[in-house]
1. Add +1 for every Lys or Arg and -1 for every Asp or Glu among the other residues with Cβ under 14 Å from the Cβ of L80, and state the total.
2. Rounded to a whole number, what % of the accessible area of the chain do carbon and sulfur atoms account for, probe 1.4 Å?
3. Please compute the alpha carbon radius of gyration of region 123-190, then divide it by the globular-protein estimate 2.2 N^0.38 Å. Two decimals is fine.
4. Based on DSSP H runs of at least 4 residues, each adding -39500 (n - 2.57), what is the mean residue ellipticity at 222 nm of the chain after dividing by all its residues, to the nearest 500 deg cm²/dmol?
5. Which is the longest stretch in the chain that no exposed loop site breaks, taking sites as chymotrypsin sites (Phe, Trp or Tyr not before Pro) with a DSSP loop state and at most 11 other Cβ atoms within 10 Å?
6. I want to verify a result. In a Gaussian network model of the chain, Cα cutoff 10 Å, which of these has the top mean-square fluctuation: L31, L114, L158?
7. Run through all the Cα pairs of the chain and give the fraction in each 5 Å bin from 0, expressed as whole percent.
8. Just the number please: accessible area per residue for region 39-142, 1.4 Å probe, all protein chains included, in Å².
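The values are calculated or read from the model by the stated rules, or taken from the named source; none is laboratory data. A quick note: this is a predicted structure, and the numbers were derived from the prediction, not measured. Cβ sites come from the backbone with ideal geometry, for glycine too, and all protein chains shown count toward neighbours. What goes into the accessible areas is simple: the full protein's heavy atoms, side chains included, and nothing from ligands, DNA or RNA. Shrake-Rupley method; radii C 1.70, N 1.55, O 1.52, S 1.80 Å.
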Amino acid sequence: MHRRYDSPLVLRDGRLVSAPAWCAIEVARGLRRPRALATLDAALRSGACTPTTLHHAAVAQFGRRGIVAVRALLPLADPLAESPMESEARLVMLDGGLPGPDLQHEILDRHGRLWRVDFAWPELRIAVEYDSDEWHSGAEALHRDRDRRDALRDAGWLVIVIFADDVRRSPNELVHRLRAELHSAAARLDTRACAESA
């Protein structure tokens, strides 16, 4: 822990503490881009910060080390990101020039069940799921994931599963794979539209 004497203070439970947005910006300034975005996403998700308070905190920290990189990330911050790895994966997609996916997109299957996917391009019916060992290990989790993906495929969705190694060790290959699937789906959509209009 450390104290910053120039940070704005707010009263919480009878104690003066640094303002949440100030803390989020200050922490993000000291991190690599992927983790900095994850910090900004988490700050928004917590409800303690808003895009406006983060912007004001970034302006107040003008000239400090790392602030330029953090200011560039602010427009990308999204409260719907549910984990640091989802934030990192999204940054890889955006840095790779892919269109921004919808986060936590809900899909209704043919049996009326509602499913939620980490990333989606709804118009192309492509979903990306980030799998971690923590949440997707064991026989029960494997069966649940298989049933879920079968239901999504049956509803006409392509589900692409990605892992930490895809995001951190092979980001270019991941972007290439996703771009190929997006182009392929767009081409199928165009072909179908032409056939229907003929």
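1. -4
2. The nonpolar share, carbon plus sulfur, comes to 55 percent.
3. It is 1.23.
4. Calculated mean residue ellipticity at 222 nm is -16000 deg cm²/dmol.
5. 63-134
6. Of the options given, L114 has the highest mean-square fluctuation.
7. Per 5 Å bin, starting at zero, the Cα-Cα P(r) for the chain comes out as 1, 7, 13, 15, 16, 14, 11, 9, 7, 4, 2, 1, 0, 0, 0 percent.
8. 52
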